[in-house]
Amino acid sequence: MSPSRGARRTVACVGAGPAGLLAATEIRRARPDWHVVVHERSPEDVTYGYGVVFSDVAVRTIEFMTPALGAVLSSQVTWQDVEVRAHGRRHRSSGHGYVALSRHRLLAELSAQARDAGVELRYESPAGIDELRSRYDLVVAADGAGSRTRAALGAALGARVGHGTSRFAWLGTTAAFDAMTFIFEETAEGVAVAHGYPHGDGVSTFVVEVPRSAGGPREDLERDLGHWTRVFAEHLDHQPLQAKDLRWAHFPTVHLDRCVHENVVLIGDAAHTAHYSVGSGTRLALEDAYLLGQALGREEDIGTALAAYERRRMPGVRELRAAGERSMRWFERAPAHLARPAPQFAVHLLSRASLLPLERITADAPGLVAEATRLMGREAPSGDVLALPLDVGGTRLPGRLVRDLSAGASGPPPDEDGTYGCVLRGAGAEEPETGAPGLVQGVVVAAGDLPGVRAALASGAPLLVLDLGPCPGEPERAAEEAGAFARAVRAAGPRTGRAVAVRTGLGPADAVTARLRVLREAGLCDLADLAAPPGGTAEPEAVLDALDTADTVRAALGVPVMPSGFRVRPDQVATHVLAGRIDAWCGPGPG
């Protein structure tokens, strides 16, 4: 696999979806003397989906990669809003930016580009991977989420394929939508979710999703389009639903350790999937195809080009793939989230997979933020959610931010004092000079220091934080250790007139919840403090994982929750306080 420039090589692209077609085109453009063939199992002009949606960021990327497709997108359906419909209410958030077109239109454009570039398209042409590997110098596997290539080479690629718990089907409707619309209906069979958006040709995409946590209908009802038309009748303007190929499935989650094996490279959904609720799967597929073509154009040796592509691309897809899986899990848990009032539920949905600053949500949906803030019980001073007081046991914190000085750092800067509701110090340390009247002074004590716990209980501090350290990974062990600690604390002396928080290292959500439940039932957990690893972290995925765990703990135990040690901006914290995932945030003291 070491062609000199100009040497004729043969390339097979498996699959005539967006990834396969654009990859074939880009390879031909980079190497005009190579013979490039696309093998597709299905007949030409047969598509099973409806619309394809791109964010405005994705459109700008596509315009750079393939100006011809960018020009097509510029004439398609566009909109700016996201609309959430739940509890009989509708909330809108503007300023997002989307473009959509039919899958048929997208594939027609990409296949035309491929033919113009000299690519040979063979439809109704199934081919086995072993045959292709022996016949072609390079095989580009773009055969979708159910990739047969990935199944055949799974061990060599380190492939792991999971599935979401919800079942879903791609449907269409002539009902008109003018926003990315998320619909939640409670039925006798459980909660049903729909994702609707326009894509032109007089048809809108309408994905129906059934979270299994809500039960779900019988199989005969699930396949009955009339049933779903009746469930969502109000949102469909009583227009019928339609299906090109009615398939109910669990969404596949694809992870590879490697996307290259010898002369085979996997791209698009064959290599990674992004949940339909974040609308990034086609974008990633097109980016894969473009970057592969660029790598093959730069390097003389095919093996060197594939290695360069893999090094660059594998890390590049992780963020969007992770956001898609986080969003997928959110919709799977939608029945539990619906316990929230409609405005808070809408904020919770909008912030489901990112550290979105509240300032951005306020700019896009000021009425929604104002309504959700009022639900917290009172008007926020200057609109600042973090300045609202929080009752923890018998103690009231005048604000939602806590500064942890227990490691000996200096007090908060004067211009930030008004934001904080509490300052924590180490057991036995002198009360810090904060320069801000009204702040609650708390004490942090290690759970293993029973004399220190006894002294803290007798100190009169309005907030006592018991630091349990790392959480065991097994729920049973976590609960057992917590029970032993609760018995030891009771033996150390009575608890009177002060709030007690439990600081626990993070781990599996069920183990953290089991640990805290024991202490909550023992009267030793007025506030759950979910601690970052020692030294803290600003890694977005770690912060989002902590927020997911906080949400689980809060719902399961009915106790206020406060992540600690994570380095996050206050405006990002405010979003998740307003969404009801957390109640407070504890940051490390400035060093």
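Annotations
- Lys/Arg +1, Asp/Glu -1 at C-beta; the chain dipole; positive extreme among Pro67, Gly558, Ser102: Gly558
- Relative packing of peptides 100-108, 444-452, 347-355 - highest average C-beta neighbours within 10 Å first: 347-355, 100-108, 444-452
- Between Glu234 and Arg135, the contour length at 0.36 nm per residue exceeds the Cα-Cα span by 30.1 nm.
- In sequence order, the range 395-407 has phi-based couplings of 10, 9, 8, x, x, 9, 9, 10, 10, 9, 10, 5, 8 Hz under the Karplus curve 6.51 cos²θ - 1.76 cosθ + 1.60, θ = phi - 60°, and Gly or Pro positions carry x.
- Inter-label distance, nm, simple model (7 Å from Cα along the C-beta direction), Glu262/Ala484: 5.4 nm
- The angle separating the long axis of helix 18-30 from the principal Cα axis of greatest extent in the chain is about 60 degrees.
- Added length on full extension, which subtracts the Cα-Cα distance from 0.36 nm per residue, His96 to Ala176: 26.9 nm
- Karplus 3J(HN,Hα) series, Hz, for the range 194-205 with 6.51 cos²θ - 1.76 cosθ + 1.60 (x for Gly, Pro): 10, 10, x, 7, x, 8, x, 6, x, 10, 10, 6
- Measure of compaction for the chain (Cα Rg per 2.2 N^0.38 Å): 1.10
- Ordering of 530-542, 193-205, 263-275 by packing [mean C-beta count within 10 Å, highest first]: 263-275, 193-205, 530-542
- Lys, Arg +1 and Asp, Glu -1 on Cβ, resulting dipole of the chain about Cα centre, debye, nearest 20: 460 debye
- Pairwise label distance in nanometres, Arg60 with Ala363, each label 7 Å out on the Cα-Cβ vector: 1.3 nm
- Total charge dipole magnitude, the range 233-291, about the Cα centre, Cβ charges on Lys, Arg, Asp, Glu only, Debye to nearest 20: 60 debye
- Applied to the range 552-561, the Karplus parametrisation 6.51 cos²θ - 1.76 cosθ + 1.60 on θ = phi - 60° returns per-residue 3J(HN,Hα) values of 5, 4, 4, 5, 6, 10, x, 10, x, 10 Hz, with x for Gly and Pro.
- Residue exposure sequence - Trp585, Trp330 - by fewest surrounding Cβ within 10 Å: Trp330, Trp585
- DSSP bridge analysis restricted to the range 10-331 gives an antiparallel fraction near 70%, rounded to the nearest 5.
- Gain in span if fully extended, Glu474 to Arg122, counting 0.36 nm per residue against the direct Cα distance: 121.4 nm
- Taking Cα centre as origin and charging only the Cβ of basic (Lys, Arg, +1) and acidic (Asp, Glu, -1) residues, the dipole magnitude of the range 10-331 rounds to 600 debye.
- Taking the C-alpha atoms only, the angle from helix 281-298 to the longest principal axis of the chain is near 60 degrees.
- If a spin label sat at a point 7 angstrom from the Cα of Ala542 along the line to its beta carbon, the backbone N atoms of the range 564-584 nearer than 13 Å would be those of 564-568.
- Ellipticity estimate at 222 nm from DSSP helix runs (n ≥ 4, -39,500 (n - 2.57)) divided over the chain, nearest 500: -11000 deg cm²/dmol
Just so you know, all these numbers are worked out from the coordinates, no wet-lab data involved. Bear in mind that the values here come from a model prediction, so they are computed numbers and not experimental data. Backbone-built Cβ (ideal geometry, glycine too); neighbour counts: all protein chains shown.
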